[in-house]
Amino acid sequence: MTSLLEMCAITKEFPGVKALDNVNLTVARGEIHAICGENGAGKSTLMKVLSGVYPAGTYDGEIRYDGQTAQFSDINDSEALGIIIIHQELALVPLLSIAENIFLGNERATKGVVDWRETFRMTTDLLDKVGLSEPPGTLVDSLGVGKQQLVEIAKALSKDVKLLILDEPTAALSEHDSQALLDLMLELKAQGVTQIIISHKLNEVRRVADSVTVIRDGATVSTMNTHTDDITEDRIVRDMVGRDLSNRYPPRPHRAGEMLMEVDDWSVWHPEHKDRQVIRNASFRVRAGEVVGIAGLMGSGRTELAMSIFGRSYGQNISGRVRMHGREVDTSTVGRAIGAGLAYVTEDRKSLGLILEETIQKNTTLANLPSVSRHGIISEGEETRVAERYRQAMNIRTPSVFQKVMNLSGGNQQKVVLSKWLFSEPEVLILDEPTRGIDVGAKFEIYNIINSLSEQGKGVVMISSEMPELLGMCDRIYVMNEGALVGELTAAEASQERIMSMIVTDVVDEPALGAAE
Amino acid sequence: MELAENKRANDGGSLVQYLSKHLREYGLLVALIAIMIFFQVVTDGTLLKPVNITNLFLQNSYIIIMALGMLIVIVAGHIDLSVGSVMGFIGALAAVMMVNWGWPVWATILASLGAGILIGAWQGYWVAYWKIPAFIVTLAGMLVFRGLSLWLLEGQSVGPFERSFQALSTGFIPDFTGLGRPNGTALVAGVIAVMLIVWLGLRQRITNRKYGMEEEPAAFFWARTIIVSGALFYVMYKLAGFRGLPNVMISMVVLTLIYAFITENTTLGRRIYALGGNEKAAKLSGIKTERLTFLAFVNMGMLAALAGLIFAARLNTATPKAGFGFELDVIAAVFIGGASMSGGSGKIIGAVVGAFIMGVLNNGMSIMGIGIDYQQVIKGLVLLAAVFFDVYQKNKA
């Protein structure tokens with residue numbers, strides 16, 4: 001195999017920061033090349049250099065593509081040569097159809113008049129290739145994230161792609177959709193499309209990649225061949241963080257104290273389609289010091305369960321009972337839910353958890369302002385003290401608590417959200433995907449925080465799509481499917497296979513449920 | 001430890017860095033002063049004559065009072081296009097109450113403010129609880145209240161009013177020192193204000209240092225304090241040379257201080273900024289976002305009513321055209337003052353300075369005899385330039 005792409009000694013400096021320091025990347029023709037690294041390691045910067053977002057001349061080093069020296073002055077130059085990036089945040093127009101999105105800016109038109117017949121015919125072909133069976137006229141809005149991802153890939157294929165770059169393509173996908181996407185990547189490889197995948201998920205990397213390049217602190221640490229080298233996930237992790245993480249899940253003694261929270265017969269209907277039941281008679285218990293997991297596929301209703309309990313923030317026609325310490329509590333508004341001792345750490349920290357334009361300090365105190373104020377007047381000094389305390393306790397890496405949270409990395413942002421909810425002094429914290437999109441080192445810190453919460457006798461409910469994480473962290477795991485809690489496993493009983501089989505048998509046993517949707 | 005390093009970085013000759021970070025805040029003040037000096041020169045000193053300074057306050061008081069409410073509405077992520085019409089309507093209502101129905105002044109003022117609150121509640125209800133975009137609700141309000149003023153006045157002007165009502169706008173604080181001219185009250189108030197500014201500034205610096213917050217370099221602090229207090233005392237001295245402190249200036253200053261305090265130091269204010277910064281996150285933090293939105297409009301309605309009363313008192317008559325187009329001046333003032341179009345940021349003091357910039361431009365150009373045509377063009381360009389400057393700064397960062 002000859003190399004399709006060689007990036008030699010790439011150095012990119014921003015005022016005061018060296019984002020890339022002498023990075024080398026060689027991608028062979030027809031392979032899938034994985035790039036791993038912690039958040040902020042420089043992966044995205046490297047891809048921006050490659051695609052011309054940072055034009056030639058603003059960085060040092062050389063890019064050789066297809067045997068030629070490449071000097072891209074913008075993204076159109078790189079696309080013309082078949083280099084196409086699919087970003088983590090999808091760039092589709094929600095209210096346009098699949099076909100319109102695929103040919104956006106590249107319309108099948110003569111003299112400005114669109115040839116819809118040709119557009120639809122080509123779209124159907126492309127959708128076949130990516131295995132998406134939706135009519136080309138479907139609005140992108142009505143597709144799930146997994147299918148939208150496929151539309152993006154179809155769009156890339158429409159441009160005669162030679163080098164496809166996928167930035168964290170499975171971050172928002174369910175297990176099932178992720179597998180489908182990885183299969184598609186292997187199929188594209190068979191058709192000769194060279195691909196670069198940026199991913200945090202090492203099992204995926206091992207599954208599809210031919211080579212792995214690890215970047216740390218803006219420099220290449222290692223490049224491995226998955227076929228010839230002996231690659232283990234631990235080795236990749238070690239290279240990424242620069243130290244041994246002998247145990248990815250810090251151990252915690254099993255503690256289950258008194259009963260803290262009991263939810264019974266919780267039912268919720270969809271906010272718009274009122275005949276559609278989203279949560280079906282869910283009941284669960286959380287004891288003091290316990291970490292309870294909720295496993296399930298994307299769309300099984302985990303987030304909806306949590307949000308409907310937390311101040312009825314989701315759904316309508318909600319019924320059921322919540323008890324804290326055996327006494328029934330009212331959680332019908334967020335304020336009351338907080339008062340009852342609940343906290344909900346959202347899965348979508350940027351749009352639901354943080355005020356990005358505000359400082360760490362102001363975000364930290366937001367859910368419990370009365371604690372830092374008297375007669376409605378905020379004591380700025382007290383507020384700073386509180387924020388500073390959490391900055392140290394959580395190890396939030398920032399020069400000061402007066403930084404805007406938008407300037408922080410994902411892991412540090414998540415710590416700010418956690419600080420906010422810890423400061424509201426809850427008894428039970430519901431953590432929805434607490435480690436999504438954050439790097440290995442920060443994950444470990446989040447796990448440690450969860451353990452210390454358990455130590456303080458708080459109850460933790462952990463919702464996660466990453467089964468190893470649930471298995472590694474939880475004392476008990478509830479399995480959720482189609483809006484119902486279909487099983488409960490203790491840490492000793494639980495395994496990925498058992499959880500999956502509970503989900504699968506549930507579907508087989510009760511086909512009526514699926515039909516009702 | 002990191003904090004200490006941070007502080008050192010601030011002390012160590014990073015004046016330029018600090019300035020570039022806070023350029024917007026200083027820029028606004030510098031712009032106001034530069035504009036004043038410019039017009040002072042080109043109008044041969046007319047701008048800063050005591051009688052004209054007094055006029056500046058009288059002419060702009062209602063814009064500034066409405067800008068206080070508008071800032072809050074804009075910070076909360078909305079807009080109010082109806083304030084000009086509402087203030088016209090309230091002026092008309094007050095006129096009809098006093099002149100046609102013979103109501104006493106105090107009852108008229110209370111009823112008018114109450115009507116303003118109801119109007120704000122009406123608009124806030126649709127925006128907050130039905131999620132109808134404020135642009136639409138207040139555009140409708142703009143038409144409705146313009147129409148209602150016409151109907152109420154039957155197309156005529158109604159006036160004049162009793163002296164005690166006129167005093168709302170054109171009255172002056174009596175001189176308790178008996179000095180006469182220069183007016184002793186104004187001088188004393190000037191001295192007290194300067195002392196207050198210095199004392200509050202120093203106290204803030206001490207607090208900042210205590211908690212390791214970012215510190216304004218001493219040179220800037222003193223330069224700013226000296227310029228601000230100097231300008232303030234100069235203005236007070238000039239006012240003393242005419243008839244002293246206008247009543248309306250006192251209401252304006254008091255309201256500005258109250259609103260600055262509410263927005264910067266209270267939980268209520270903090271929650272409004274949070275609401276504008278990210279409504280969903282605020283809601284999930286237990287903040288009653290609907291109620292806050294509602295209250296922002298109620299407050300706006302009340303301030304628009306107060307502005308309507310002051311405007312009617314100043315003209316000594318209510319006309320169907322009163323307040324026409326004022327919403328644009330008010331909104332422009334808030335944006336010139338640095339508020340963000342998407343909500344979540346902006347300061348009361350910025351809105352007030354923004355309103356003064358617009359006011360001095362209006363006044364200066366009128367003295368120069370520049371036609372209303374060019375005046376509009378220039379004001380429009382100033383607004384665009386100010387917002388461009390914001391966006392440019394943001395992109396650079």
Straight-distance crosslink candidates among lysines, where the alpha carbon sits under 23 Å from A:Lys458 and sequence neighbours closer than 8 are dropped: A:Lys415, A:Lys420, A:Lys443
If you count the DSSP beta bridges with both ends in the protein assembly as shown, what percent of them are antiparallel, to the nearest 5? 60 percent
In peptide A:360-366, how many Cβ atoms from other protein chains are near each Cβ within 10 Å, on average? 4
Quick one: divide the alpha-carbon radius of gyration of the range A:120-181 by 2.2 N^0.38 Å and tell me what you get. 1.09
At each listed q (0.12, 0.17, 0.20, 0.21 Å⁻¹), what is the log10 of I(q)/I(0) that the Debye formula gives for the range A:169-291 modelled as equal alpha-carbon point scatterers? -0.77, -0.96, -1.12, -1.19
Within chain B, what's the longest run with no trypsin sites (Lys or Arg not before Pro) in a DSSP loop and at most 13 other beta-carbon atoms within 10 Å? Give the range, please. B:132-320
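Can you figure out the FRET efficiency of A:Asp125 with A:Val53, using R₀ = 25 Å and their beta-carbon distance, to the nearest 0.05?
0.25
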Name the lysines eligible as straight-distance cross-link partners of B:Lys49: C-alpha to C-alpha under 19 Å, and not fewer than 8 places from it in the same chain. B:Lys238
Could you check the spin-label model distance between B:Trp101 and A:Thr232? Points 7 Å from the Cα along Cα→Cβ, value in nm. 8.7 nm
Most to least accessible of A:Thr365, B:Thr170, A:Thr110, A:Thr359 (protein chains only, probe 1.4 Å): A:Thr110, B:Thr170, A:Thr359, A:Thr365
Using a cut-off of 13 Å between beta-carbons, work out the net charge of the residues near B:Thr170 (Lys and Arg +1, Asp and Glu -1, B:Thr170 not included). +2
As an exercise, find the ratio Rg/Rh for the range A:34-107 from alpha-carbon atoms, using the Kirkwood inverse-distance average for Rh. 1.03
If r is the Cβ-Cβ distance from A:Gln179 to B:Ile258 and R0 is 60 Å, what FRET efficiency results, to the nearest 0.05? 0.50
Over the heavy atoms of A:Met500, what accessible area does a 1.4 Å probe trace out, to the nearest 10 Å²? 60 Å²
How many nm separate the modelled label positions at B:Gln375 and A:Asn203, each set 7 Å beyond the Cα in the direction of the Cβ? 7.3 nm
Each residue of A:420-426 has, on average, a number of other protein chain C-beta atoms within 10 Å of its C-beta equal to 1
Label-point gap, in nm, between A:Lys274 and B:Arg291 - each point 7 angstrom along Cα→Cβ: 2.6 nm
Could you give each residue of the range B:169-178 its phi-based ³J(HN,Hα) in whole Hz, using Karplus coefficients 6.51, -1.76, 1.60 with θ = phi - 60°, and x for Gly or Pro? 10, 9, x, 10, 6, x, 8, 7, 7, x
Stretched out fully, how many nm does the piece from A:Asp66 to A:Gln456 gain, at 0.36 nm a residue minus the Cα gap? 134.5 nm
The lysines whose Cα lies under 23 Å from the Cα of B:Lys321, excluding any fewer than 8 residues away in the same chain, are B:Lys379
Determine, at each q value in 0.07, 0.11, 0.14 (inverse angstroms), the log₁₀ of I(q)/I(0) that the Debye formula gives when each Cα of the range A:259-516 is one equal point scatterer. -0.24, -0.60, -0.96
As a Kirkwood estimate from alpha-carbon pairs, the range B:225-291 has a hydrodynamic radius in angstrom of 14.8 Å
So how exposed is A:Ser178, as accessible area in Å² (1.4 Å probe, rounded to 10)? 0 Å²
Heavy atoms of A:Ile236 accessible to a 1.4 Å probe, total area in Å² rounded to 10: 0 Å²
Compute for chains B and A the buried accessible surface, both sides summed, probe 1.4 Å, and express it in Å² to the nearest 100. 2400 Å²
Taking alpha-carbon centroids only, the range A:217-270 lies from the range A:115-164 a number of Å equal to 34 Å
Please list, ordered by chain and number, the residues whose modelled amide H lies under 5 Å from the amide H of A:Gly296; skip anything fewer than 5 residues away on the same chain. A:Met480
Report, as a whole number in µm² per second, the diffusion coefficient that Stokes-Einstein gives for the protein assembly as shown at 4 °C and 1.567 mPa s using the Kirkwood radius over alpha carbon pairs. 41 µm²/s
Listed residues B:Asn363, B:Asn100, B:Asn278, most fluctuating in chain B (Gaussian network, C-alpha, under 10 Å): B:Asn100
For the range B:142-182 and the range A:359-414, what is the centre-to-centre distance using only Cα atoms, to the nearest Å? 47 Å
Could you work out which residue, out of B:Phe356, B:Phe39, B:Phe311, moves most in a Gaussian network model of chain B, that is, has the largest mean-square fluctuation with Cα springs under 10 Å? B:Phe39
Which three lengths, in whole Å and largest first, does chain A cover when its Cα atoms are put on their principal axes? 71, 55, 48
Shielding of B:270-281 by other chains, given as the mean Cβ count within 10 Å, works out to 6
Value of Rg/Rh across the range B:262-345 [Cα atoms, Kirkwood radius]: 1.08
What is the distance in Å between the Cα centroid of the range B:310-331 and that of the range B:222-255? 25 Å
Expressed in nm², what is the orientationally averaged projection area of the convex hull enclosing the Cα positions of the range A:3-241? 13.5 nm²
Among the trypsin sites (Lys or Arg not before Pro) in the range A:74-173, which ones are in a DSSP loop with at most 10 other Cβ atoms within 10 Å of the Cβ? Mind listing them? A:Lys111
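Calculate the FRET efficiency for B:Lys131 and B:Leu15 from the Cβ-Cβ distance with a Förster distance of 45 Å, rounded to the nearest 0.05.
Once rounded, the FRET efficiency stands at 0.45.
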Sort A:Cys8, A:Cys474 from largest to smallest accessible area, using a 1.4 Å probe on the heavy atoms of the protein chains. A:Cys8, A:Cys474
In whole angstrom, how long is each semi-axis of the equivalent ellipsoid of chain B, when you take the square root of 5 times every eigenvalue of its Cα gyration tensor and sort them from largest down? 34, 28, 20
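The values are calculated or read from the model by the stated rules, or taken from the named source; none is laboratory data. Computed from a prediction, not measured in an experiment: that's the story for all the values here. Methodologically, a virtual Cβ is constructed for each residue, glycine included, from the backbone with ideal geometry; neighbour enumeration extends over all protein chains shown. Keep in mind that these areas ignore ligands, DNA and RNA; they rest on the heavy atoms of the full protein, side chains included. Shrake-Rupley method; radii C 1.70, N 1.55, O 1.52, S 1.80 Å.
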